[in-house]
Amino acid sequence: MTASARFPDPRLAALDGFRVEIDPARERADIILDRPPFNIIAMPQRDQLRLVFEALDEDASVRVIVLRAVGEHFSSGGNIKGFMEASPEHVSKLAWNIAAPARCSKPVIAANRGYCFGVGFEISLACDFRLVSETCQYALPEQKLGHIPGSGGSARLQKIIGITRTKDIVMRSRRIPARQAYDWGIATECIPDAKLETATDALVDELRTFSPLAQRTAKKLLNDTEDATLSVAIELEGHCYSRLRQSDDFREGVEAFHAKRAPAFKGS
């Protein structure tokens, strides 16, 4: 299906360096970086990626979004020349665009293998789940260019692994192999390279078994309370819990539990 046929926004008539595949039967959408061998992410591509995430978020046929890439490398990062040509106003929007997976209300899975550098790492950090093959290497190499990460990478990483390890990665432009990324809590799972697609498929199918409403609520609650005090986070959790108690999905879940059958959630 062409981008223009699926997305009415004229800015998505011709996607720059990636494509979108939607499987309604599996309630799944794949955003596929497709500029091999290194899947460099160009400046216009960042704007389009944001728009695509927003469009898929509104698509009722999509339950789970997967961000993956063609070939042996997820992405070696951005187009270096593009940074020199972009205006300060454009550059100031980079973090907003790359944060699109986090703002999306649906679960987003990043499937990473090979090089996952710079903006490739940053957009993966904005996803909810990071499945990494054993070939994956994460890095924020901007110090080698006399610069710093500009799309939320250092900020998100610090929330996940703390300031000491983040300084080690950012200030030394260190490459972190897949197993270490998993041990440090950056990656959700570390998988043999040949099994990355199978593991991704399995996670998509697992996420689809849960209530869409409960998943949207959990994602937003966790994102919104990341910087909150414990008392505020517990208070907000209680409000969300109370609202979900009134949902059709919760009623269905309880009835299915007592009937010893699989629930049929509808997202209401």
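The values are calculated or read from the model by the stated rules, or taken from the named source; none is laboratory data. Since this is a predicted model, take the numbers as computed values, not measurements. Here the Cβ is made from the backbone with ideal geometry for all residues, glycine too, and neighbour counts use every protein chain on show.
Select from region 200-217 the residues that are surrounded by fewer than 17 Cβ atoms within 10 Å (Cβ to Cβ) and within 19 Å of residue 249 (Cβ to Cβ) and list them in ascending order. Quick ask: steps written out before the conclusion?
Within region 200-217, the first condition is being surrounded by fewer than 17 Cβ atoms within 10 Å (Cβ to Cβ), and the residues that meet it are 201-202, 205-206, 208-210, 216.
Scanning region 200-217 gives 205, 206, 208, 209, 210, 216.
Would you check which residues across region 127-141 are surrounded by fewer than 23 Cβ atoms within 10 Å (Cβ to Cβ) and outside any strand (DSSP E or B) and list them? Passing the criteria: 127, 128, 134, 135, 141.
Taking the criterion of being surrounded by fewer than 19 Cβ atoms within 10 Å (Cβ to Cβ) and either free of Cβ contacts under 8 Å to residues at least 24 places away in the same chain or part of a strand (DSSP E or B) (or both), the residues of region 148-177 that qualify are 148, 155, 158, 162, 163, 164, 165, 167, 168, 177.
Residue 186 - would you say it is part of a loop (DSSP other than H, G, I, E, B), at pLDDT 95 or above and either over 17 Å from the mean Cα position of the chain (by Cα) or crowded, with 17+ Cβ neighbours inside 10 Å (or both)? Criteria met by residue 186.
Scanning region 4-56 for residues that are hydrophobic (A, V, I, L, M, F, W, C), touching a residue at least 24 places away in the same chain (Cβ under 8 Å) and assigned to a helix (DSSP H, G or I) returns 12, 43, 49, 51, 52, 53, 55, 56.
Here is a yes/no grid of residues against (1) in contact with an Asp or Glu (Cβ under 7 Å, 6 or more places away or on another chain); (2) surrounded by 22 or more Cβ atoms within 10 Å (Cβ to Cβ); (3) of a type in the set (A, V, I, L, M); (4) over 25 Å from residue 158 (Cβ atoms):
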site: 41; (1), (2), (3), (4): no, yes, yes, no
site: 46; (1), (2), (3), (4): no, yes, no, no
site: 53; (1), (2), (3), (4): no, yes, no, no
site: 75; (1), (2), (3), (4): no, yes, no, no
site: 96; (1), (2), (3), (4): no, no, no, no
site: 99; (1), (2), (3), (4): no, no, yes, no
site: 113; (1), (2), (3), (4): yes, yes, no, no
site: 124; (1), (2), (3), (4): no, yes, no, no
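Would you point out which residue out of 33, 15, 51 is within 20 Å of residue 122 (Cβ to Cβ), touching a strand residue (DSSP E or B) at 6+ places or on another chain (Cβ under 8 Å) and not basic (Lys, Arg)?
Numbers: 15 fails: touching a strand residue (DSSP E or B) at 6+ places or on another chain (Cβ under 8 Å); 51 fails: touching a strand residue (DSSP E or B) at 6+ places or on another chain (Cβ under 8 Å).
Step by step, each of 33, 15, 51 is checked, and only 33 is within 20 Å of residue 122 (Cβ to Cβ), touching a strand residue (DSSP E or B) at 6+ places or on another chain (Cβ under 8 Å) and not basic (Lys, Arg).
Among the residues of region 212-234, count how many are assigned to a helix (DSSP H, G or I), in contact (Cβ under 8 Å) with a residue 60 or more places away in the chain and over 16 Å from the mean Cα position of the chain (by Cα). Working first, answer last.
The first filter runs over region 212-234 and keeps only residues assigned to a helix (DSSP H, G or I), leaving 212-224, 230-234.
Next, from what is left, pick out any that are in contact (Cβ under 8 Å) with a residue 60 or more places away in the chain: 212, 215-216, 219-220, 223.
With over 16 Å from the mean Cα position of the chain (by Cα) added as a condition, the list becomes 212.
Of the residues in that region, 1 qualify.
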